[in-house]
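The values are calculated or read from the model by the stated rules, or taken from the named source; none is laboratory data. Computed from a predicted model, the values in this text were never measured in an experiment. Here Cβ is always computed from backbone atoms with ideal geometry, including for glycine, and neighbour counts include all displayed protein chains. Accessible surface is based on the protein model in full, side chains and every heavy atom, while ligands, DNA and RNA are left aside. Shrake-Rupley method; radii C 1.70, N 1.55, O 1.52, S 1.80 Å.
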Amino acid sequence: METLPDCAGFLILYPFIKSLDQLIVLKKILLILFLVLLIVGGYCAWMIAGPTVHAPEKKYFYIPTGSSYASVRQKLLNQQIVSSPFWFDKTAKYAAFDEGVRAGRYEITEGMSNINLVRLLKAGRQSAVNLVITKLRTIDDLAGKISSNLEADSVETASFLYSNDSLAKFGVDTNTVMTLVIPNSYRFYWNTNVASVLKKLKNEKEKFWNDERKSQARNLGLTNSEVYTLASIVEEETNKADDKGKIASVYYNRINKGMRLAADPTIKFAMKNFGLKRIYHKYLTYPSPYNTYQNAGLPPGPICTPSIKTIDAVLHMPSTTYIFFVARSDFSGYSDFSDDYRQHLVYAKSYQQALDSLIKARQASQ
């Protein structure tokens with residue numbers, strides 16, 4: 001049998017070899033496409049689910065009430081929390097966040113993903129504000145405390161707190177509104193309005209005035225608000241826990257004897273001059289219902305927000321005959337108490353002499 005030359009065999013296999021080359025080329029193309037898709041997909045996944053979000057300078061991101069999606073998006077860009085509006089938009093659209101925005105204060109952590117950021121904002125998972133209330137004196141102080149920590153505007157807040165119509169549903173007026181405040185730490189959402197703040201304060205006040213405290217107030221012949229007001233004067237008189245009950249007893253005894261309280265801190269409050277170091281005689285005629293040198297009984301409302309310890313010191317005041325007290329001449333912060341005016345004058349003179357000597361010594365050293 002006649003055989004084909006080697007070249008003839010090659011020609012027979014050529015069509016097959018040619019299609020194999022095409023397959024190899026096709027495989028290379030497919031591999032390249034796969035790698036491209038893998039890279040693109042990885043990039044997309046990174047931009048959506050990767051740690052591309054930056055924490056704001058002060059940790060929290062604020063969305064004011066009534067904000068639109070566009071304004072939130074712009075704020076995120078302005079604060080460089082998100083770097084790509086395109087990928088944020090895509091993520092927001094996917095999660096339907098662009099259809100509804102919820103006001104609040106949100107904690108955004110470094111390295112958060114776009115999807116987690118959108119979920120946080122969409123769900124309205126706010127970080128609560130820890131509002132610590134210690135000693136406040138005036139309505140303006142309370143308005144400032146609220147507006148500096150929450151969204152509420154300072155002017156609108158003050159307007160609400162100075163309106164008896166607004167305060168009526170809380171059982172207080174502009175004189176007694178501060179009795180709603182039991183100094184403590186309160187948690188609020190940033191966008192809580194003033195009415196809701198007062199509602200919570202009122203609820204906490206009602207919890208504070210439990211049956212035991214209300215019974216103690218009744219035994220003294222005082223209302224809860226009167227106890228609070230008396231405690232506010234004691235709060236301004238001393239920082240010494242040992243003296244608070246005794247000072248309360250002085251004023252309580254004066255009330256029961258029909259005497260005027262003649263409490264210096266009420267003059268400071270009436271004049272709204274809390275920096276006064278000494279109460280001179282010329283101040284005692286200042287016209288105000290809070291001037292306890294001119295008006296009998298307790299003032300119409302508290303002159304500060306007393307601590308819980310001070311309120312309880314009033315409720316547990318000792319039974320004394322004290323009518324007078326004056327700061328001790330050793331400047332220890334404690335007071336000397338007496339029920340005799342002549343003895344009181346001795347204590348007062350001793351303190352005045354010590355104070356004059358201290359002032360002279362300071363002047364001489366300057």
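Residues checked against (1) farther than 30 Å from Ser215 by Cβ; (2) under 32 Å from the mean Cα position of the chain (by Cα); (3) modelled with pLDDT under 95:
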{"site": "Ala270", "(1), (2), (3)": "yes, yes, no"}
{"site": "Tyr293", "(1), (2), (3)": "yes, no, no"}
{"site": "Phe325", "(1), (2), (3)": "no, no, no"}
{"site": "Ser335", "(1), (2), (3)": "no, no, no"}
{"site": "Ser338", "(1), (2), (3)": "yes, no, no"}
{"site": "Ser365", "(1), (2), (3)": "yes, no, yes"}
Notebook entry, point to check: What is the residue count in the stretch 194-227 for residues that are within 17 Å of Pro302 (Cα to Cα) and among the β-branched types (Val, Ile, Thr)?
Noted result: 2
Note to self: Looking for something surrounded by fewer than 19 Cβ atoms within 10 Å (Cβ to Cβ), within 28 Å of the chain's Cα centre (by Cα) and closer than 17 Å to Thr176 by Cα - is there at least one such residue anywhere in the stretch 234-245?
What the structure shows: no
Note to self: Tell me yes or no: at least one residue of the stretch 202-215 is over 15 Å from Asp312 (Cα atoms) and touching a residue at least 12 places away in the same chain (Cβ under 8 Å).
What the structure shows: yes
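For the stretch 265-278, check the following and say yes or no: at least one residue is of a type in the set (Phe, Trp, Tyr) and either surrounded by fewer than 17 Cβ atoms within 10 Å (Cβ to Cβ) or in a loop (DSSP other than H, G, I, E, B) (or both). Quick ask: steps written out before the conclusion?
Of the stretch 265-278, the ones of a type in the set (Phe, Trp, Tyr) are 269, 274.
Going one step further and asking which of them are either surrounded by fewer than 17 Cβ atoms within 10 Å (Cβ to Cβ) or in a loop (DSSP other than H, G, I, E, B) (or both), we end up with 274.
Yes, that holds for at least one residue.
Quick test for you: out of Ser147, Ser196, Ser127, pick the one residue that is in contact with a helix residue (DSSP H, G or I) (Cβ under 6 Å, 6 or more places away or on another chain) and farther than 29 Å from Leu315 by Cα. Steps first, please.
Values: Ser196 fails: in contact with a helix residue (DSSP H, G or I) (Cβ under 6 Å, 6 or more places away or on another chain); Ser127 fails: in contact with a helix residue (DSSP H, G or I) (Cβ under 6 Å, 6 or more places away or on another chain).
Answer to the check: Ser147.
Does the stretch 166-175 contain any residue that is at positive phi, modelled with pLDDT of 95 or more and part of a loop (DSSP other than H, G, I, E, B)?
The answer is yes, given that some residue of the stretch 166-175 is at positive phi, modelled with pLDDT of 95 or more and part of a loop (DSSP other than H, G, I, E, B).
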Margin query: What's the total number of residues in the stretch 90-143 that are touching an Asp or Glu at 6+ places or on another chain (Cβ under 9 Å), surrounded by 19 or more Cβ atoms within 10 Å (Cβ to Cβ) and in a loop (DSSP other than H, G, I, E, B)?
Written below: 2
Check: Quick one: how many residues across the stretch 61-84 are open to solvent by less than 50 Å² (accessible area, probe 1.4 Å) and under 12 Å from Leu121 (Cα atoms)?
Finding: 5
Next item on the list: Report whether or not Ile359 is over 34 Å from the mean Cα position of the chain (by Cα) and at pLDDT below 95.
Entry: yes
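Looking at the stretch 134-153, is at least one residue of a type in the set (Ser, Thr, Tyr) and in contact with a Pro (Cβ under 8 Å, 6 or more places away or on another chain)?
Yes.
Go through His316, His281 for me and flag whichever is more than 25 Å from Ala241 (Cα to Cα) and open to solvent by 90 Å² or more (accessible area, probe 1.4 Å). Outline the logic, then answer.
Values: His316 fails: more than 25 Å from Ala241 (Cα to Cα).
Exactly one of His316, His281 is more than 25 Å from Ala241 (Cα to Cα) and open to solvent by 90 Å² or more (accessible area, probe 1.4 Å), namely His281.
When only residues in the stretch 295-323 that are of a type in the set (S, T, N, Q) and over 19 Å from Lys205 (Cα atoms) count, which is farthest from the chain's Cα centre (by Cα)?
Here is the first cut: in the stretch 295-323, the residues of a type in the set (S, T, N, Q) are 295, 305, 307, 310, 319-321.
Then keep just the ones that are over 19 Å from Lys205 (Cα atoms); that gives 295, 319-321.
Numbers: Asn295: 36, Ser319: 38, Thr320: 40, Thr321: 42 Å.
Step by step, filter the stretch 295-323, then rank; the result is Thr321.
Against the condition part of a loop (DSSP other than H, G, I, E, B) and loosely packed, with under 11 Cβ neighbours inside 10 Å, how does Pro287 come out, does it pass?
Details: part of a loop (DSSP other than H, G, I, E, B): yes; loosely packed, with under 11 Cβ neighbours inside 10 Å: yes.
Yes.
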